[in-house]
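Where a number appears in this text, it was derived from the coordinates with a stated rule and is not lab data. The model shown is predicted, which means the values in this text are computed figures rather than measured ones. Quick reminder, even Gly has a Cβ in these numbers, built from the backbone with ideal geometry, and neighbours come from all protein chains shown.
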Amino acid sequence: MTAASRTVRIGSSHGLHARPAKLFAQAAKESGIAVTVAKDSGKPVNAASILGVIALGVDHGDYVTLTADGENADAVLDTLTELLTTDHDEESAG
């Protein structure tokens, strides 16, 4: 098994609130491998848990560390990184 981790800066202008958190958690769940997310040096939570992700209280510009463990861990992190660095609040305004 391959484990990979990555530190990502949050792009959504309102942070990881309901909509971006849902998109992120859904993508983590669909990846089929174990993915965790931690804010700064805090305790990692299951990235597939919407409530866990929202409970981190991640704001725009905050850094989170993603860790994936399993097959295609790097590809999964690529996808999740893209979700986190995109400003989903900007998209919905358009």
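Dipole magnitude for the chain: about 320 debye, using +1 per Lys or Arg Cβ and -1 per Asp or Glu Cβ, origin at the Cα centre. Highest GNM mean-square fluctuation among S41, S13, S31, for the chain modelled with Cα contacts below 10 Å: S41. Can you check what the net charge comes to around G52, using other residues whose Cβ is under 13 Å from the Cβ of G52 (Lys, Arg +1; Asp, Glu -1)? Net of charged neighbours comes to +4. Compute the long axis of helix 18-30 from its Cα atoms, compare it with the longest principal axis of the Cα atoms of the chain, and write down the angle in degrees, 0 to 90, nearest 10. For helix 18-30, the angle is close to 20 degrees.
Rounded, prolate or oblate: which one fits segment 3-93, using the alpha carbon gyration tensor with axes a ≥ b ≥ c (rounded when a/c is under 1.5, else prolate when a/b beats b/c, else oblate)? Prolate is the answer for segment 3-93, as a/c is 1.5 or above and a/b outweighs b/c. Based on C-alpha pairs under 8 angstrom that are at least 6 apart in sequence, the chain has a relative contact order of 46 percent. Against the main long axis of the alpha-carbon atoms of the chain, helix 73-85 sits at an angle near 10°.
Partner aspartates and glutamates whose Cα lies under 13 Å from the Cα of K39, excluding those fewer than 8 positions away in the same chain, are identified as D59, D62.
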